[in-house]
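Report on one structure; see the data block that follows.
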Amino acid sequence: MKLLQVACTVSIGGATLRAAFEAAAGITAIAGPSAAGKTTLLRAIAGLAPLREGTISFAGRVLSKDGAGVPAGERDAGYAPQETSLWPHRTVRQHLLPFCDAARIDALAGRLDFAHLLERRPGSLSGGERQRVSLARAMARRPLLLLLDEPTSALDRASRIAIGDAIKRDAAEYGAVVLLVTHDRAEAERHADAFVRACDGVARSVEGFDAQA
């Protein structure tokens, strides 16, 4: 069974976040107040931020330990950050082509409802449309570890639910472990199989969703 094991400390400005939890296949929602360190923790798991100390392992493989680790590009992880960071000169289709074939692009465009945007460039997209593309890029390779930082925050409630359903369905097809940072209770309670709360310098497993901890 694929299992993400986190037992580490990350630095957030002058503060720290001590994280200790496990996540299995399915969606684990990470909640907590703003500036609690949720984004920094996701970046550390992705290999984009260093650990202060401790270990992150996935499927029995150590990804990070005490500041050293596997490069981000070798982690079989897809990461959708809050900032969509799309290339202005590329069409939506061109953003996805480096990561998957045409059939996968069409499948993602259908599931995430952006087939009508494939030939457009980011400058003509709304915030919500850009989020759909960023999310598709993270999902494109069918990564076994999918890290999503508020990926639907610019969408309305109905669209958040629909996109969440699509993420859950797509990830379930290949048994991905998904970490979803969200402040939306309805989104989390509908889609999450487990919960982690980040608050007061600690991130740990909890029984249910609590956005403010």
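The values are calculated or read from the model by the stated rules, or taken from the named source; none is laboratory data. Keep in mind it's a predicted model, so treat the numbers as computed, not measured. Note that we place each Cβ from the backbone using ideal geometry, even for glycine, and neighbour counts take in every protein chain shown.
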Check: In the stretch 10-30, how many residues are assigned to a strand (DSSP E or B) and surrounded by fewer than 19 Cβ atoms within 10 Å (Cβ to Cβ)?
Finding: 9
Checklist line | Single residue of the stretch 138-174 satisfying the filter (hydroxyl-bearing (Ser, Thr, Tyr) and part of a helix (DSSP H, G or I)) that is surrounded by the most Cβ atoms within 10 Å (Cβ to Cβ) | finding: Ser159
Next item on the list: Output the residue which, of all residues in the stretch 66-105 that are under 21 Å from the mean Cα position of the chain (by Cα) and of a type in the set (Asp, Glu), is surrounded by the most Cβ atoms within 10 Å (Cβ to Cβ).
Entry: Asp76
Note to self: Between Leu147, Leu155, Leu96, which is among the aliphatic types (A, V, I, L, M), touching a residue at least 24 places away in the same chain (Cβ under 8 Å) and within 29 Å of Ser57 (Cβ to Cβ)?
What the structure shows: Leu147
Checklist line | Qualifying position, being of a type outside the set (Lys, Arg) and over 24 Å from Asp184 (Cα atoms), among Leu148, Leu108, Leu112, Leu117 | finding: Leu117
Next item on the list: Go through the stretch 31-61 and count every residue that is under 16 Å from the mean Cα position of the chain (by Cα), farther than 14 Å from Leu4 by Cα and not in a loop (DSSP other than H, G, I, E, B).
Entry: 5
Next item on the list: Go through the residues of the stretch 80-91 one by one and say whether even a single one is of a type in the set (Val, Ile, Thr), outside any helix (DSSP H, G or I) and free of Cβ contacts under 8 Å to residues at least 12 places away in the same chain.
Entry: no
Note to self: For a quick check of your reading of the model, give me the residue pairs whose first member lies in the stretch 107-135 and is part of a helix (DSSP H, G or I), whose second is among the aromatic types (Phe, Trp, Tyr) and surrounded by fewer than 16 Cβ atoms within 10 Å (Cβ to Cβ), with beta-carbon atoms closer than 8 Å and at least 6 apart or on different chains.
What the structure shows: Pro122/Trp87
Margin query: Being in contact with a Cys (Cβ under 7 Å, 6 or more places away or on another chain), among the hydrophobic types (A, V, I, L, M, F, W, C) and farther than 18 Å from Leu148 by Cα narrows it down to one residue among Leu51, Leu17; which is it?
Written below: Leu51
Check: Residue check: is Arg43 buried (at least 16 other Cβ atoms within 10 Å of the Cβ) and either modelled with pLDDT of 95 or more or β-branched (Val, Ile, Thr) (or both)?
Finding: yes
